[in-house]
Amino acid sequence: ARGFMTATPRVVLTVAGSDPSGGAGLQGDLKTIHQHGGYGAAVPTLITVQNSFGVEQVEHLSAALVRSQLANLLGDLEPRAAKMGALGSRAVVHVLGSIMGKTDFPWVVDPVWLPSRGRPLARGDVIDAYKETVLPRAALVTPNAQEAALLAERPVRTVADAREAALVIHELGAAAVLVKGGHLEDEGRGTDVLLVGGELREIRPSEVVAGQFHGTGCALSAAIATRLAFGEPIPEAVIKAKDWLGAALREAFAVGEDIKPVNHLVRVRNKP
Ligand code: PXL
């Protein structure tokens, strides 16, 4: 008789919005997780109407529906790591905070409130809700300069500002903080600041890829989460995810007529 191999993959969960254009959100995350060797599981929080020109419309799922999806899933599957992207409302942020408190795997929190173009992905005052419930339970939070400024309540224009903001966000309870430098001014552009284990370091890109791309932040946080699922420590996971993202931008896909999505299919050179 023929035997069957039973492989147990590393499950990586994404809790995010739907981007039907496939570059960002759930769709982009699943591709990223898969490309890094993880088994992607996905809980949608909101539905966008979107193409390469931006977000046209946003419809939020109820907090109760997000809660049942998560409770049902986590009663069965056992993720090794998770990431959260757009949550959309205070009520959903609170649901995530309470679920995180009952899990023992690391959560990468990508605070997504505004898309690069189009309608806001969050309504009402979600920032305080993040501070109260989600940040204190995050293994890593990955704001860009604008999001870091909102969390830290100070301007973030230079690498020095990003370092200060990372310290403030760590004080808010996030175990580790990555302030992404893609929108910093001048020579700071592309330099990320990572605060982990009480140590601040700057991570320079091997090359700054000019242009605007879709799905960049989502791809980075999903790649980091998948690396954490394989047991990689945060600094290595961040550095290697960023290397992969650089290649994914250099070889961005020509899909749609306007902003190009990152190339999730680019080879991962240092698979976790
Ligand atoms: O880029 C952030 C982002 C995250 N999640 C969803 C999005 C976007 C940007 O458009 O649509 C669902």
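Of all positions in the range 13-22, none carries a residue that is open to solvent by 10 Å² or more (accessible area, probe 1.4 Å), at pLDDT 95 or above and hydrophobic (A, V, I, L, M, F, W, C).
Per-residue answers, yes or no, for (1) within 16 Å of the ligand (Cβ to nearest atom); (2) within 15 Å of V15 (Cα to Cα); (3) surrounded by fewer than 17 Cβ atoms within 10 Å (Cβ to Cβ):
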| site | (1), (2), (3) |
| --- | --- |
| E59 | yes, no, yes |
| R67 | no, yes, no |
| N72 | no, yes, yes |
| R80 | no, yes, no |
| M84 | yes, yes, no |
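Collect the residues in the range 145-161 that are open to solvent by 30 Å² or more (accessible area, probe 1.4 Å) and out of contact with any Phe, Trp or Tyr (no Cβ under 8 Å at 6 or more places or on another chain), keeping them in residue-number order. Hits for the range 145-161 are Q146, E153, R154, P155, R157, T158, A160, D161.
Can you go through A241, A237, A222 and tell me which one is in contact with a helix residue (DSSP H, G or I) (Cβ under 9 Å, 6 or more places away or on another chain) and free of Cβ contacts under 8 Å to residues at least 24 places away in the same chain? Of A241, A237, A222, the one residue that is in contact with a helix residue (DSSP H, G or I) (Cβ under 9 Å, 6 or more places away or on another chain) and free of Cβ contacts under 8 Å to residues at least 24 places away in the same chain is A241. For the range 46-57, taking the residues that are among the polar types (S, T, N, Q) and either touching a Leu at 6+ places or on another chain (Cβ under 8 Å) or open to solvent by less than 60 Å² (accessible area, probe 1.4 Å) (or both), the one that is farthest from the ligand (Cβ to nearest atom) is identified as S52. Examine the range 29-44 for a residue that is small (G, A, S), touching a helix residue (DSSP H, G or I) at 6+ places or on another chain (Cβ under 7 Å) and within 13 Å of the ligand (Cβ to nearest atom), and state whether such a residue exists. Checking the range 29-44: at least one residue is small (G, A, S), touching a helix residue (DSSP H, G or I) at 6+ places or on another chain (Cβ under 7 Å) and within 13 Å of the ligand (Cβ to nearest atom). Can you confirm whether G101 is more than 18 Å from S221 (Cα to Cα), within 11 Å of the ligand (Cβ to nearest atom) and surrounded by fewer than 20 Cβ atoms within 10 Å (Cβ to Cβ)? No: the conditions fail for G101. In this structure, does E207 turn out to be part of a helix (DSSP H, G or I), loosely packed, with under 15 Cβ neighbours inside 10 Å and not hydrophobic (A, V, I, L, M, F, W, C)? In short, no. A single entry from V112, V108, V179 fulfils the requirement of being assigned to a strand (DSSP E or B), within 15 Å of the ligand (Cβ to nearest atom) and either in contact (Cβ under 8 Å) with a residue 12 or more places away in the chain or open to solvent by less than 30 Å² (accessible area, probe 1.4 Å) (or both): V108. The condition of being in a loop (DSSP other than H, G, I, E, B) and open to solvent by less than 50 Å² (accessible area, probe 1.4 Å) holds for L121.
Has the range 236-253 got any residue that is over 24 Å from G54 (Cα atoms) and open to solvent by 70 Å² or more (accessible area, probe 1.4 Å)? Within the range 236-253 (the criterion being over 24 Å from G54 (Cα atoms) and open to solvent by 70 Å² or more (accessible area, probe 1.4 Å)), the answer is yes, since at least one residue qualifies. Flag not set for G3, criterion: at pLDDT 95 or above and not in a helix (DSSP H, G or I). If you take the residues in the range 144-180 that are charged (D, E, K, R) and in contact with a strand residue (DSSP E or B) (Cβ under 8 Å, 6 or more places away or on another chain), which one is nearest to E202 (Cα to Cα)? Restricting to residues being charged (D, E, K, R) and in contact with a strand residue (DSSP E or B) (Cβ under 8 Å, 6 or more places away or on another chain), the top hit is R163. For the range 129-138, indicate whether the set of residues that are in contact with a strand residue (DSSP E or B) (Cβ under 6 Å, 6 or more places away or on another chain), assigned to a strand (DSSP E or B) and either at pLDDT 95 or above or open to solvent by 20 Å² or more (accessible area, probe 1.4 Å) (or both) is non-empty. So far as the range 129-138 goes, no, none of its residues is in contact with a strand residue (DSSP E or B) (Cβ under 6 Å, 6 or more places away or on another chain), assigned to a strand (DSSP E or B) and either at pLDDT 95 or above or open to solvent by 20 Å² or more (accessible area, probe 1.4 Å) (or both).
The values are calculated or read from the model by the stated rules, or taken from the named source; none is laboratory data. This structure is a prediction, so every number in the text was calculated from the model and none was measured. Backbone-built Cβ (ideal geometry, glycine too); neighbour counts: all protein chains shown. Just so you know, the surface numbers come from the protein's heavy atoms only, side chains and all, with ligands and any DNA or RNA stripped out. Shrake-Rupley method; radii C 1.70, N 1.55, O 1.52, S 1.80 Å.
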